[in-house]
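The values are calculated or read from the model by the stated rules, or taken from the named source; none is laboratory data. Keep in mind the model is a prediction, meaning the values are calculated, not measured. Every residue, glycine as well, gets a Cβ built from its backbone with ideal geometry; the counts of neighbours run over all protein chains shown. SASA here: full protein model, heavy atoms, side chains in, ligands and nucleic acids out. Shrake-Rupley method; radii C 1.70, N 1.55, O 1.52, S 1.80 Å.
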Amino acid sequence: MRTVHWQLSFDGLLLSQESHAWGANIQFEQCENYFNIQQAGIRRPVRAQVDHKLFADRRFGRIVLANSGKPIPVVTVGVETDFPVRKFEFDADWLNSQLPDDIVFDFRTASAQPMFDEPCIGITLDRIYDELVTPRADSKRLLQPLIQILAMDTARCLIARSSQQEVSLHSLSPEQLMRIRHLIQTTDFADLTLGYIAERLAMTQTRLRKMFKRATGSSLHDEIHEARLQAACRKLVETGDPLKIIAHQLGFRHASAFCYWFKQSTGRTPSQHRNLQHCHAVELNEHTVRH
């Protein structure tokens, strides 16, 4: 069962906030009418998987890409009562028009990606969501280049995935990289360490650190830091939990340590960030009521 809570639009993009519920051991086909990217709003594995041997890794990630008219067979492996999802629906022709001439790609024929947990995609989706949900004076001017960045990054990722080459022993395979990012996005932060990830990939911490840096250009420490920061911002805005609860969920022993880390990372205290975003939400609601 899918429930649509609200929708916002910008040119060829329709943004929806949805929640999903299902029982265990149910088979169905997920078929969409538009090219879309779905972003999960909860940090744990989805209790469903792709029911088709075409996909080597049958898990669903925190970001799922689906195309118009191309069903994805799904089987549920557990009960979901309220799984929050942001859905970004695009007119494929409009998204094609956002690409520069030197990137030859057609979103109308893009292949489905049940595991599309690319950090660059996730960050841009967060930015687009923020500018649509909490509009500011220059939001419309900023949204256009953000859409163009999303189109370019998505096309590049899909092109790279469709032309995977032999990977040397000194590089991470695409499957290993997806596995690492899936662990980052779904593991409790109290357990999320370099040693934890290295153990699950059956390699030493030193080798994992070097290979991840070579494959992505960024450090694994920075990637974990960014995931923790995004989770912190979401929890501050989307829940009313006390800071000590959020701190514990993010792997901090004390609220004071969390507050210091958040201030160093963003320039604002957690309370300042929460109040600012709540003010934006109130302004959005007042604008919606007036119109």
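Laid out as a table, the results:
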item	result
Residue list for segment 117-148, filter: among the charged types (D, E, K, R), part of a helix (DSSP H, G or I) and more than 18 Å from A231 (Cβ to Cβ)	E131, K140, R141
Check on Q144, open to solvent by 10 Å² or more (accessible area, probe 1.4 Å), touching a Cys at 6+ places or on another chain (Cβ under 9 Å) and polar (S, T, N, Q)	no
So R47, is it closer than 20 Å to L183 by Cα and either without any contact (Cβ under 8 Å) to a residue 24 or more places away in the chain or touching an Asp or Glu at 6+ places or on another chain (Cβ under 7 Å) (or both)	yes
Matching strands (runs of 3 or more DSSP E) fully within segment 1-98 where at least 1 residues are of a type in the set (G, A, S) and open to solvent by less than 30 Å² (accessible area, probe 1.4 Å)	13-22, 35-40, 48-50, 63-66
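Conditions (1) open to solvent by 70 Å² or more (accessible area, probe 1.4 Å); (2) in a loop (DSSP other than H, G, I, E, B); (3) out of contact with any helix residue (DSSP H, G or I) (no Cβ under 9 Å at 6 or more places or on another chain), marked per residue:
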residue	(1), (2), (3)
L183	no, no, no
D188	yes, yes, no
D191	yes, yes, yes
A202	yes, yes, yes
K213	yes, no, no
H221	yes, no, no
R228	no, no, no
V237	no, no, no
H248	yes, no, no
